[in-house]
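For reference, the structure discussed in these notes is given below.
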Amino acid sequence: MTVVEQTTPAAPAKQKQVSQSYWALVWWKFKRNRIAVLGGILLLSFYFGFVFIPEFLSPYELNHTSDFVEAPPTKLHFIDTEGKFHLQPFVYGMERKLDFKTRARTYVEDTTRMYPISLFIHGDEYKLLGFIPSDLHLYGVDQKANPEAIVLIMGADALGRDWFTRILYGGRLSLMIGLIGQVMTIIFGMTLGVMSGYYGGMIDQVIQRTTEFLNAFPDIPLFMALAAAIPTFWSPIAVYFMLTIILSFVRWGGLARQVRGLILSLREREYVLAAKSAGASDARIMFRHLLPGTMSHVIVIATLAIPGMILSETALSWLGLGLRAPLTSWGVLLQDAATVRAIHTTPWELWTVPFILVTILAYNMLGDGLRDALDPYGTR
Amino acid sequence: MAPDMQTQTTEAKAKPRNLLEVKGLKKYFPIQKGLLRKTVGYVKAVDDVNFFVREGETLGLVGESGCGKSTAGRSIIRLYEPTAGDVLFRSRHLGGEGNGLINLMGLPPDKMKTIRKEISMVFQDPINSLNPRMTVSDIVGEPMFIHGQRMGPETEAVIVNLLERVGLRPDHLRRYPHEFSGGQRQRIGIARALSLNPQLVICDEPVSALDVSIQAQTLNLLQDLQQDFNLSYIFVAHDLSVVQHISDRVAVMYVGKVAEIADAEELYSAPLHPYTEALLSAVPKADPLYKSDRIVMQGDVADPSNPPSGCYFHPRCRYAQEVCKLKNPELRELKPDHFVACHRAEELKLEGI
């Protein structure tokens, strides 16, 4: 006994009290999952690159047309015809030839003309984030000195536009439609789900039957009907927002159901009774006590649902029901590559597919990691 | 029944005033079946309960599981909207009619909110009664926030004071419930209940989920706080020894009805209801030589959706007679301050402890 008392420090040790909130524990666990972190990093860089700075990453402006109609990807060279090694990669000039029998265009490299590719080069003018004027591009050939030079790492489309540039710009709309649509789904789904679960009775009945009604509809015909209802004279951007609303309107039901189920179990917890006994309003109980308890599930569900949203946009645009030509989205790009002729003559237009695949894989990796991490007390 | 209580109130002038009077309280939960949710019956969780609580005293509410103790406690502050009955309360903020008591039933929401400052609750489950996503300071301060106090240094000082009062440290303020032991969590719950300076605290089995050693600490804490804050308690429990320790008066409930109410000592030494006697015989005694003559009750607690005829206890009562099957006994005052609902209370000689 005496020993214990002697060793007890007179002043409490200056140990820093680390108190972890739920989200801090989640972060700790999430960090340990390499695959999920990779997914997260991929998505962050995709969103940053495609949504904020596609103008900088691409060598040209979106509507920069050229004579190189349906040109295949230009080859990057380090070694010239004389076998000399160049540290700076370069492209050869391209010459278009027409086969008079088949009317097929072919491009051949003109090895007499060499154009070096430089980083951070001045080219087409644009406004970064819509207000910062700039003409700096991550890579490209000097357009002022050699206006006839072009670098098309993923080929060109029927108007001679750089396909890679189009993919970058298209990612902006495709990625944003998934995110904005999902945010709206969460808002719809959570609000209706929490009301359904908390109030029960008639409100519950009405909301649940509506969900069933929406779920019972086959997706594509419903989209078609709704998309057909969008006036044709609307500007493409209005169509874009309308499409987002349609996508989330059709999809909130599942989320509302899951939230309702969680609320049904949470509302029986004594802390809800404690808040009620202190006089808390319904809104306070729902949004302060019940909804935070469902957040972890909602985040996982939402993360795993965003790919569905992106794919829906892609599918609808591919069918010609979604975004339309002046806009560039991955669905619109796929529509360009949808014919047998396109696959035969311009297979590089399928470069859109890997971008979609990687995005969706990244979302699934992140979602799986989040699902494990959001249960920080579980053992895994 | 109700008139008995009122005469009692006027007679006992020397005793403190009644803080709370519960009269004919009923809570029936509907049983719904089928697609159209037709009500096919009712679970009579609380069926015509009458009792009162005096200022500064502790009323113990005991009974087996499912006898409606917790429901009665929750119905008093309308966490469950009672089916019928009156709950009269002596409010500091709202004036009452005549005798200074205000009826909580049918009180509009804004006035009910004021009453909620004066009656608070401590819950059973120390894990479930604290929101895992909120810090101790948020939890304890929530009632104050709900009643319009903004978070700031002053409110925080009040919270720190409350935490110290219940035996926690100020540096616990920013921690989350999962970082505490069961006893500590219950202390947080108690601090929350006291945050609005209530008159009456309804303790809904506050120690049932705790270790025995922690139970004693928590009970002592509750008693100290009662002294310091001049609180009245309604103490719901199923452990008779716990109730004996803390209560001034005890009410025994059986299937939604009050079987017996008396001063704690009187009830334990000279019970008048056979059900009380049976419960008391099951209390363990710390005497190795003691030979138990425990009364083993036959069968289970009656089904509150389909209670037996007459006295609800008669199928399990070893003193039951014909009258018990036919007539429901009224709660009557047999001795001063000793109410019992039994036809044979006068003739039976029952054993206490």
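The values are calculated or read from the model by the stated rules, or taken from the named source; none is laboratory data. Keep in mind the model is a prediction, meaning the values are calculated, not measured. We place every Cβ from the backbone using ideal geometry, glycine too, and count neighbours over all the protein chains shown. Just the protein is used for accessible areas: all its heavy atoms, side chains included, with ligands, DNA and RNA removed. Shrake-Rupley method; radii C 1.70, N 1.55, O 1.52, S 1.80 Å.
Considering only Cα-Cα distances, which of the following residue pairs are longer than 22 Å: B:44/B:325; A:276/B:69; B:26/B:327?
Correct reply: none exceed it.
Compute the helix-to-body angle for A:201-216: its Cα long axis versus the longest principal axis of chain A, expressed 0 to 90° and rounded to tens.
30
Say we join alpha carbon atoms closer than 10 Å with springs in a Gaussian network model of chain A; which of A:343, A:186, A:132 then has the biggest fluctuation?
A:132
From the alpha carbon gyration tensor of segment A:77-159, can you work out the equivalent ellipsoid semi-axes (sqrt of 5 times each eigenvalue) and give them in Å, largest to smallest?
Largest first, segment A:77-159 gives 27, 20, 9 Å.
In whole Å, what three semi-axes, largest first, describe the equivalent ellipsoid of segment A:178-329 built from its Cα gyration tensor (square root of 5 times each eigenvalue)?
So the three semi-axes of segment A:178-329 are 35, 15, 13 Å.
Which whole number gives the average, over all residues in B:138-147, of C-beta atoms from other chains lying within 10 Å of the residue C-beta?
Mean partner shielding for this stretch: 3.
Which of the listed residues, B:352, B:155, B:39, is farthest toward the dipole's positive end in chain B, when Lys, Arg count +1 and Asp, Glu count -1 at the beta-carbon?
Toward the positive end, the furthest listed residue is B:39.
Under 22 Å Cα-Cα from residue B:285, which lysines qualify once same-chain neighbours fewer than 8 residues away are excluded?
List returned: B:349.
Give me the log10 of I(q) over I(0) for segment A:257-356 at q = 0.13, 0.21 Å⁻¹, as the Debye formula computes it from C-alpha points; what are the numbers?
Log10 of I(q)/I(0), two decimals: -0.63, -0.99.
Placing one identical point scatterer on every Cα of segment B:197-303 and ignoring solvent, what is log10 I(q)/I(0) from the Debye formula at q = 0.09, 0.18 Å⁻¹?
With one equal scatterer per Cα and no solvent, log10 I(q)/I(0) is -0.27, -1.03.
Compactness ratio of segment A:203-263: Cα Rg over 2.2 N^0.38 Å, N = residue count?
1.33
For chain A, set up a Gaussian network in which alpha carbons nearer than 10 Å are linked by springs, and say which option among A:260, A:32, A:103 fluctuates the most.
Fluctuation is largest for A:103.
With every protein chain present, what accessible area does residue A:257 have (1.4 Å probe, heavy atoms only), rounded to the nearest 10 Å²?
90
With +1 on the Cβ of every Lys and Arg and -1 on the Cβ of every Asp and Glu, and nothing else charged, how large is the dipole of chain B about its Cα centre, in debye rounded to the nearest 20?
Dipole of chain B, to the nearest 20 debye: 1000 debye.
What share of all Cα pairs of segment A:160-248, in percent, falls into each consecutive 10 Å distance bin?
14, 32, 33, 15, 5, 1, 0
Could you provide, to the nearest whole Å², the per residue accessible area of chain B with probe 1.4 Å?
44
If you take each beta carbon of peptide A:274-287 and count the beta carbons of other chains within 10 angstrom, what is the mean?
Shielding by partners across A:274-287 averages 6.
Setting aside same-chain residues fewer than 8 positions from residue A:144, which aspartates and glutamates have a Cα under 19 Å from its Cα?
Cross-link targets: A:55, A:61, A:67, A:124, A:125, A:135, A:162.
Rounding to the nearest 10 and keeping the result within 0 to 90°, find how far the Cα-based axis of helix A:22-32 lies from the longest principal axis of chain A.
For A:22-32 against chain A, the angle is about 40 degrees.
Largest first, please: the extent of the C-alpha atoms of chain A along each principal axis, to the nearest Å.
Largest to smallest, the principal-axis extents are 93, 68, 38 Å.
How much of the accessible area of the protein assembly as shown, in percent, comes from carbon and sulfur atoms when a 1.4 Å probe is used?
59
Mind putting a number on the dipole of segment A:165-373 about its Cα centre? Charges go on the C-beta only, +1 for Lys and Arg and -1 for Asp and Glu, and I need it in Debye to the nearest 20.
280
Within 10 Å of each Cβ in B:122-135, how many Cβ atoms from other chains are there, averaged over the peptide?
Mean inter-chain Cβ contacts per residue within 10 Å come to 5.
Taking θ = phi - 60°, what integer Hz values does the Karplus form 6.51 cos²θ - 1.76 cosθ + 1.60 yield along segment A:299-307, in sequence order, with x for Gly and Pro?
After applying 6.51 cos²θ - 1.76 cosθ + 1.60, I find 4, 5, 4, 5, 4, 6, 8, 4, x Hz.
Can you pull the semi-axes for chain B, root of five times each eigenvalue of the Cα gyration tensor, sorted largest first, whole Å?
35, 24, 21
Report the far tail of the P(r) of the protein assembly as shown, meaning the percent of Cα-Cα pairs longer than 49 Å.
Of all Cα-Cα distances in the protein assembly as shown, 41 percent exceed 49 Å.
Amide H of residue B:302: which non-local residues (sequence gap of 5 or more, or other chain) have their own amide H closer than 5 Å, using H built in the peptide plane?
Amide H neighbours of residue B:302: none.
Counting Lys and Arg as +1 and Asp and Glu as -1, each charge on the Cβ, what is the dipole of segment A:215-306 about the Cα centre in debye, to the nearest 20?
240
Quick check for you: which residues of segment A:269-298 have the amide N under 14 Å from the point 7 Å beyond the Cα of residue B:127 toward its beta carbon?
Only A:269-271 fall inside the zone, counting backbone N under 14 Å.
For chain B, return all DSSP H helices satisfying: extent of Cα atoms along own axis at least 20 Å; mean Kyte-Doolittle hydropathy at least -0.5.
Helices meeting the span and hydropathy rule in chain B are B:212-229.
log₁₀ I(q)/I(0) of segment B:233-275 at q = 0.13 Å⁻¹, via Debye over equal Cα point scatterers, no solvent, to two decimals?
Values returned for q = 0.13 Å⁻¹ are -0.24.
Got a sec? Charge dipole of the protein assembly as shown, +1 on Cβ for Lys and Arg, -1 for Asp and Glu; which of A:146, A:301, A:46 is way out at the positive end?
A:301
Which peptide among A:367-373, A:261-267 comes first, and what is the full order, when sorted by highest mean count of other Cβ atoms within 10 Å?
Highest-to-lowest ranking by the protection proxy: A:367-373, A:261-267.
Enumerate the lysines that residue A:101 could reach by cross-link, defined here as Cα to Cα under 29 Å, with residues fewer than 8 away along the same chain left out.
The qualifying lysines are A:75.
Let me have the 222 nm mean residue ellipticity of the protein assembly as shown computed from DSSP H runs of 4+ only, each contributing -39500 (n - 2.57), with the sum over all residues rounded to the nearest 500.
About -13500 deg cm²/dmol.
In a shell of Cβ-Cβ distance under 14 Å around residue A:245, excluding residue A:245 itself, what net charge do Lys and Arg (+1) and Asp and Glu (-1) give?
0
Using only protein heavy atoms and a 1.4 Å probe, how much accessible area in total is buried between A and B, to the nearest 100 Å²?
2300
Among A:344, A:77, B:238, B:178, what's the order by accessible area (1.4 angstrom probe), most exposed first?
A:344, B:238, B:178, A:77
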